[in-house]
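The values are calculated or read from the model by the stated rules, or taken from the named source; none is laboratory data. This structure is a prediction, so every number in the text was calculated from the model and none was measured. No Cβ is skipped: glycine too gets one built from the backbone with ideal geometry, and neighbour counts run over all protein chains shown. These accessible areas exclude ligands, DNA and RNA; they are computed on the full protein's heavy atoms, side chains included. Shrake-Rupley method; radii C 1.70, N 1.55, O 1.52, S 1.80 Å.
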Amino acid sequence: MRVLLGVTGGVAAYKVAIVLRRLKEDGHVVRVVPTPAALEFVGRATWEALSGLPATAHTFDNVPAVEHVRLGQQADLVLVAPCTADFLAQLAHGEARDLLGNAVLATRAPVVVAPAMHTEMWEKASTQDNVATLRARRFTVLDPAVGRLTGPDSGPGRLPEPEEIVAAAYAVAAGEVPDYPRLSERAWGDLDGLRVVISAGGTREPIDAVRFLGNRSSGLQGFALAEAAHERGAHVTVVAANVALPLSEGIARVDVTTAAELAEAVRDASSTADLVVMAAAVADFRPREVSATKVKKDGSGAWTLELVETEDVLASLVREAVPGRTVVGFAAETGDDASSALDHARAKARRKGADLLVFNQVGENRGFGDVPNEVTLLDASGAEVGHAAGTKLHVAHAVLDAVAALRTP
Ligand code: CTP
């Protein structure tokens, strides 16, 4: 078979010379496509001598042959080893920054990826989300080995041994797909055509020309929900409050700043929706007066702001219920002397009356930002109907699983 062997920039690239030799010994035609960074580790001469073929790294190296398309089209199998965290991200986002990126985009062949990186990078939520995305799209992403890394450190992130990489490549070429937890495989298409509106991020309420009242919401969980719903076949609109993150093509996006703008955008988008998820952290209060100029210190040593309540969008959605429309709320709670965070969430579930309330305990390193999340799913009576812990994408799929179960008569 014709194997396109992508090599990206990691120290473990030297081990892939052994993978290449093994494939060649077994009679396969192997074309090596290193990324420019990979050539900092193992030079072009090594790849060309071992493969007997050119090993170009740049999209513009051999333009008349249109290699950036042809290489991917002609391959029977694509194997990327070692695959850096950066290249995993490129793959997950369909980027084509170099010849290898182009070749993977242009291929219909199965793709096997052997990651190698430091443990911190492997365990980063963004990397784990990229792996989950790729596995959901039927890339075979091998788990890295656990052991000694480049420096004195050790842990998960080591490139699997060459024999294991070759064995995985042959298994995939033979149509055997390793049994990885492909998160959305069971779910693929189960939300086909569903119209979904998701609010995400945190609102900002202006105080004066330069100041605002805000919160720490990053928008990551809401955006993960949008990606998961999109992947499962839904038509997704995101109402994004101050989120500087991208969304996949095909997801509609309305950017807003304040709670009032968010309320209006959600109302507009949700009149025909089947599912509305209020993942945004919406300000409960806004300053009654907004100064058009920057407020100066007046020497009194204090500044009293008068705040007025904003519209509770979730409550409005529940009050103005539409038959067949499912409403999901979020509750970020902390415990106190009187009650645990979960008790507060149960009370909120009953008070808010949403079909589902996603409760997560927030605090140091929990809930906000690029960190794993842990949620408990409560129905309108406050009863627990699910629990999920893991990356925000994993949690997103668990929420959608619960929604799908609720909507199934
Ligand atoms: N929410 C909303 N509109 C608001 C405030 C909150 O739609 N003005 C939604 C959030 O998007 C979330 C849910 O309500 O889905 C719970 O938000 P939270 O701030 O935890 O609850 P509060 O309504 O502020 O309740 P409490 O003040 O009692 O904690």
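Would you mind telling me the antiparallel percentage of the DSSP bridges in the stretch 208-317, rounded to 5?
Expressed as a percentage, antiparallel bridges in the stretch 208-317 total about 40.
About the Cα centre, and with charges only on the beta carbon of Lys, Arg (+1) and Asp, Glu (-1), how big is the dipole of the stretch 266-372? Nearest 20 debye, please.
160
What accessible area per residue comes out for the chain, rounded to a whole number of Å², with a 1.4 Å probe?
Accessible area per residue, the chain: 47 Å².
Out of every Cα pair in the chain, what percent are spaced more than 30 Å from each other?
When every Cα pair of the chain is considered, 50 percent fall beyond 30 Å.
Please identify every one of the chymotrypsin sites (Phe, Trp or Tyr not before Pro) in the stretch 213-309 that sits in a loop by DSSP and has no more than 16 other beta carbons within 10 Å of its own beta carbon.
Passing both the DSSP loop test and the Cβ count: Trp303.
Which of Leu314, Leu50, Leu71 moves most in a GNM of the chain, Cα contacts under 10 Å?
Between Leu314, Leu50, Leu71, it is Leu50 that shows the largest mean-square fluctuation.
Hey, could you pull the Cα Rg and Dmax for the stretch 2-185, both in Å?
Cα only, the stretch 2-185: 15.1, 46 Å (Rg, Dmax).
With every protein chain left in place and a probe of 1.4 Å, what is the accessible surface of Arg2, to the nearest 10 Å²?
Solvent-accessible area, nearest 10 Å²: 110 Å².
Would you work out what percent of the accessible area of the stretch 2-185, with all protein chains in place, is carbon or sulfur (probe 1.4 Å)?
It is 53 percent, rounded to a whole number.
Work out, step by step, the length gained on full extension between Glu25 and Ser316: first 0.36 nm times the residue separation, then minus their alpha carbon distance; give nm to one decimal.
Answer, rounded to one decimal: 98.0 nm.
When DSSP beta bridges are limited to those with both residues in the stretch 2-185, what percentage is antiparallel, rounded to the nearest 5?
About 20 percent, rounded to the nearest 5.
What's the center-to-center distance, using Cα atoms, between the stretch 60-117 and the stretch 242-309 in Å?
The two parts, judged by their Cα centres, are 41 Å apart.
For the chain, give the share of DSSP beta bridges that are antiparallel, in percent and rounded to the nearest 5; count only bridges with both residues there.
The answer is about 35 percent antiparallel.
Within the stretch 87-128, report the trypsin sites (Lys or Arg not before Pro) that DSSP leaves as loop and that have at most 14 other Cβ atoms within 10 Å.
Taking the stretch 87-128 and a limit of 14 other Cβ atoms within 10 Å, the loop trypsin sites (Lys or Arg not before Pro) found are Arg97, Arg108.
Could you please state how large a percent of the accessible area of the stretch 272-409 is carbon and sulfur, counting protein chains only and using a 1.4 Å probe?
Its accessible area is 50 percent carbon and sulfur atoms.
Put a dot 7 Å past each Cα toward the Cβ at Val11 and Phe285; how far apart are the dots in nm?
Computed distance between label sites Phe285 and Val11 equals 5.4 nm.
Among the chymotrypsin sites (Phe, Trp or Tyr not before Pro) in the stretch 1-95, which ones are in a DSSP loop with at most 16 other Cβ atoms within 10 Å of the Cβ? Mind listing them?
Sparse-neighbourhood loop chymotrypsin sites (Phe, Trp or Tyr not before Pro): Phe60.
Calculate, for Glu123 and Glu164, the FRET efficiency according to 1/(1 + (r/R0)^6) with r their C-beta to C-beta distance and R0 22 Å; round to the nearest 0.05.
Rounded to the nearest 0.05, the efficiency is 0.60.
Say R0 is 51 Å: what FRET efficiency, to the nearest 0.05, do Asp255 and Val385 get from their beta-carbon distance?
Efficiency, rounded to the nearest 0.05: 0.95.
Given a 10 angstrom Cα cut-off, can you work out which residue in Asp61, Asp284, Asp336 is the most mobile in a GNM of the chain?
Asp336
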